[in-house]
1. Does A:Arg430 qualify as being open to solvent by 40 Å² or more (accessible area, probe 1.4 Å), among the basic types (Lys, Arg), within 13 Å of chain B (Cβ to nearest Cβ) and assigned to a helix (DSSP H, G or I)?
2. Of the residues B:Gln223, B:Gln243, only one is open to solvent by 60 Å² or more (accessible area, probe 1.4 Å) and assigned by TED's automatic domain parsing to the domain that holds B:Tyr289; which?
3. Across the range A:88-107, which residue is surrounded by the fewest Cβ atoms within 10 Å (Cβ to Cβ) among those that are facing another protein chain (nearest Cβ under 10 Å) and among the hydroxyl-bearing types (Ser, Thr, Tyr)?
4. Got a sec? Which of A:Ala356, A:Ala390 is over 18 Å from A:Ile341 (Cα atoms) and open to solvent by less than 50 Å² (accessible area, probe 1.4 Å)?
5. Pick from A:Ala402, A:Ala390, A:Ala426: which is touching a strand residue (DSSP E or B) at 6+ places or on another chain (Cβ under 8 Å) and within 30 Å of A:Lys240 (Cα to Cα)?
6. Here are some residues: A:Ala275, A:Ala292. Which one is among the aliphatic types (A, V, I, L, M), surrounded by fewer than 20 Cβ atoms within 10 Å (Cβ to Cβ) and either over 14 Å from the mean Cα position of the chain (by Cα) or assigned by TED's automatic domain parsing to the domain that holds A:Gly210 (or both)?
7. Being open to solvent by 10 Å² or more (accessible area, probe 1.4 Å) and either small (Gly, Ala, Ser) or over 28 Å from A:Asp264 (Cβ atoms) (or both) is the filter here; which residues of the range A:403-422 pass it?
8. So which residues in the range A:37-52 are assigned to a loop (DSSP other than H, G, I, E, B) and at pLDDT 85 or above, if there are any at all?
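The values are calculated or read from the model by the stated rules, or taken from the named source; none is laboratory data. Keep in mind that this is a model prediction, so the values were computed, not measured. Neighbour counts are summed over all protein chains in view; Cβ atoms, including those assigned to glycine, are modelled from backbone coordinates with ideal geometry. Accessible surface areas use protein heavy atoms only, side chains included; no ligands, DNA or RNA. Shrake-Rupley method; radii C 1.70, N 1.55, O 1.52, S 1.80 Å.
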Amino acid sequence: MQTVRKTQKTRRVRLATSAILALTLATTAAACGGGGDDEGTTADGKIKLTVATFNEFGYEELIEEYNAMQDDVVVEQKKAGTANEHQDNLYTKLAAGSGLSDIEAVEVDWWSALMEESDAFVDLSDPEVEGRWLDWKNEAATTPDGALIGYGTDIGPEGICYRADLFEKAGLPTDRDKVAELFTDWDSYFEAGRQFVDKVPDTAWYDSSGGTAQAMINQVEYSFEDEDNTVIAAENPEVKEVFETITANAADGLSTGLTQWSEDWTASFQDNGFATMACPGWMLGVIEGNAAGVEGWDIANVFPGGGGNWGGSYLTVPAQGEHTEESKELAKWLTAPEQQIKAFQAKGTFPSQVDALDDPALTGSTNEFFNDAPTGEILADRAEAVPFIAHKGPKFADINTAFQQAIQRVDEGQESADEAWDSFLADIGRLG
Amino acid sequence: MKAGSAAVQPVGDTGASSVSPAGSRPPGQGPRRDVDERAAWRQRLTMLDVKVTPYVFVSPFFLLFLVVGMFPLGYTAWVSVHEWGLLSGQGAFSGLDNYRRVLEDRYFWNALRNTISIFLLSSVPQVLIALALAGLLDTQLRARTLWRMSVLLPFVVAPAAVALIFGNLYGDRYGLANEVIQWIGLDPIRWHVDTLASHVAIASMVNWRWTGYNALILLAAMQAVPRDVYESASLDGAGRVRQFVSITVPMIRPTVIFVIITSTIGGLQIFAEPRLFDTQGLGGADRQYQTLTMYLWELGWRVRDLGMASAVAWLLFLIIIVFALLNLLLSRRAAGSTKKITTKGVRR
């Protein structure tokens with residue numbers, strides 16, 4: 001840098017020009033390389049594998065570890081900011097038949113829509129991995145012909161994350177065991193919220209109407225679609241009840257009125273925007289990132305209405321990839337219990353692997369950011385409390401988007417609750 | 001060369017014919033006709049050369065256009081009359097059913113309204129500001145090149161980056177724009193919620209990006225306006241503004257029309273800015289800023305119905321043609337009328 005600053009102006013200009021030229025060349029070369037043979041290999045002849053994930057999977061250090069172990073493979077991670085973004089990219093490139101990463105992460109909400117395209121993915125079944133996952137996790141990834149198209153990564157057993165310092169301000173208990181006694185069902189959770197916003201009017205009770213509604217929907221076994229994947233969202237009284245409860249809560253000021261993953265939502269972590277949120281394991285990493293520097297976060301070993309599972313993912317190997325064999329090896333390694341425990345320690349993604357669940361490395365792990373809470377033990381308890389896994393058919397993600405938008409319209413005052421429900425029904429009809 | 005070889009050749013030919021048996025060819029006649037034919041052939045080739053070569057030279061563009069312009073257009077039309085899923089591919093022929101379903105969808109009309117609103121909020125100020133900016137840059141400024149370069153700077157920034165920066169600026173609760181507004185003492189504006197506010201926010205991103213670019217095109221045209229016209233005008237007592245309105249604008253009319261047409265086409269296809277304005281990408285909870293291109297994308301990639309998406313693409317194509325023609329007509333008439341007023345003073 002210093003030498004550049006000292007040289008003459010013309011040289012600097014020339015340097016800038018050549019830098020721009022190099023950049024242009026590099027980008028065009030990259031663009032041209034899309035269909036070329038050398039895609040998937042590095043300059044020194046190693047095989048290059050890409051892993052596409054979203055939010056936080058906790059793979060950063062694992063990939064470094066894998067790269068150090070391998071002589072002929074280099075792994076690179078592509079992170080999307082939101083699951084939606086990742087899903088759009090996946091569909092586009094699946095339809096195009098090229099451009100996908102060697103390993104693509106898939107979230108459970110749109111898993112069954114992709115199961116209908118199982119031909120596009122490599123069958124990953126392998127005697128080595130038999131019995132590695134919880135039964136239901138594995139069954140959901142197995143096609144009727146017995147092909148296994150995804151290796152389970154994490155599951156999303158939920159607790160309640162809360163700000164102890166704000167609880168203290170409102171005169172609520174701060175100790176995580178005492179807090180757990182407060183939130184046994186949704187009514188008591190919301191009731192505590194009403195007390196809270198009375199005392200601390202500038203802070204909402206939970207982070208977003210959408211997130212809370214999602215947590216409640218995940219506790220309904222057949223919410224939007226029944227066993228045969230017939231859409232029942234319009235008639236299902238349980239869905240209507242969730243909608244009514246959430247919109248009434250918003251009117252009472254329990255919700256921030258923000259949408260999850262929006263810029264304002266992210267910013268609200270730094271601004272005492274809210275005091276609690278439904279907290280699947282993978283959310284711990286998100287909170288820690290967004291609330292960096294904020295003190296007082298803790299997690300209670302409880303979830304209203306028993307237990308609930310929110311999200312969790314699989315790793316798939318798209319058949320269009322060039323190095324499917326190596327990709328399968330990598331996916332197998334990444335989803336092995338030992339690795340998933342490390343990912344959990346990094347970002348809170350709770351293992352779906354049987355052997356990981358009673359591993360002391362998991363059960364003994366604590367999280368410094370959450371007031372040294374024994375997160376491993378808490379989430380293992382929460383996983384046990386999950387009574388069933390909600391059924392999610394091929395239309396689940398699309399209907400859920402419409403549902404979330406209807407709630408958002410009420411939050412933002414564009415429609416009354418009744419109007420928003422009616423337009424939600426119209427949206428379902430539109431999805432066909 | 002040609003004349004020389006034509007003159008030399010008969011000599012050699014006659015020499016050859018004296019060797020060959022007489023009667024095999026009518027003497028004198030044969031070579032002469034041969035020469036004529038050859039010359040005619042040459043001439044025809046030359047004519048062909050003159051006539052065809054220009055087309056050969058410009059053909060790469062048209063061939064390329066055929067491949068990357070006409071083919072997608074035709075193929076989209078083909079897809080639009082079929083049932084066609086994103087992942088499942090081509091289905092049965094369905095005639096105009098996709099068009100009917102699009103026209104019956106309330107979100108189509110909603111998207112059309114948003115598109116026109118954002119187009120008006122972006123293109124109109126954009127062209128006007130670009131015109132004024134170009135007028136200012138056309139004067140004797142210090143460090144002219146610096147100013148001219150700097151108006152183009154926003155154009156170099158990728159739209160996605162623009163959307164990110166402006167997304168932070170226009171945060172409903174924690175954005176810089178609202179902080180300034182509240183500091184002045186006004187109520188914060190809900191940029192992502194209110195329809196008009198969101199359109200203004202998106203239009204400002206578009207304008208930020210394109211105004212400088214258009215200004216440079218207009219500036220190039222302005223510099224071609226003969227300076228003596230301005231001299232005579234100022235002798236007649238016309239001020240700067242009067243000169244700009246009565247001389248500059250009418251004299252660069254074709255360029256103004258070009259800028260208007262291109263910004264119309266661009267304005268009706270706005271995608272990246274509203275798409276990245278929130279994380280859902282559907283144009284807000286009430287689709288209050290979903291444009292037609294976003295609607296097309298939603299149908300194709302969220303509803304995964306490429307047939308309907310293609311129908312929207314064709315409808316958008318037709319809408320753009322209508323708007324472009326309308327604008328051409330209007331801007332011609334507007335520019336024409338100002339010209340009439342000024343011709344007396346300006347025409348030499």
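1. Numbers: open to solvent by 40 Å² or more (accessible area, probe 1.4 Å): yes; among the basic types (Lys, Arg): yes; within 13 Å of chain B (Cβ to nearest Cβ): yes; assigned to a helix (DSSP H, G or I): yes.
Yes, satisfied.
2. Numbers: B:Gln243 fails: open to solvent by 60 Å² or more (accessible area, probe 1.4 Å).
Selected residue: B:Gln223, the only one of B:Gln223, B:Gln243 that is open to solvent by 60 Å² or more (accessible area, probe 1.4 Å) and assigned by TED's automatic domain parsing to the domain that holds B:Tyr289.
3. Residue satisfying both the conditions and the ranking: A:Thr92.
4. On the way: A:Ala356 fails: over 18 Å from A:Ile341 (Cα atoms).
A:Ala390 is the lone residue from the list that is over 18 Å from A:Ile341 (Cα atoms) and open to solvent by less than 50 Å² (accessible area, probe 1.4 Å).
5. Numbers: A:Ala402 fails: touching a strand residue (DSSP E or B) at 6+ places or on another chain (Cβ under 8 Å); A:Ala426 fails: touching a strand residue (DSSP E or B) at 6+ places or on another chain (Cβ under 8 Å).
Answer to the check: A:Ala390.
6. Working: A:Ala275 fails: surrounded by fewer than 20 Cβ atoms within 10 Å (Cβ to Cβ).
Checking each option against the conditions leaves just A:Ala292.
7. Step one: list which residues in the range A:403-422 are open to solvent by 10 Å² or more (accessible area, probe 1.4 Å), which gives A:404, A:408, A:410-419, A:421-422.
Once the filter is applied, which keeps residues that are open to solvent by 10 Å² or more (accessible area, probe 1.4 Å) and either small (Gly, Ala, Ser) or over 28 Å from A:Asp264 (Cβ atoms) (or both), the range A:403-422 yields A:Gly413, A:Ser416, A:Ala417.
8. Step one: of the range A:37-52, the residues assigned to a loop (DSSP other than H, G, I, E, B) are A:37-40, A:42-46.
Within the range A:37-52, just A:Lys46 meets the criteria.
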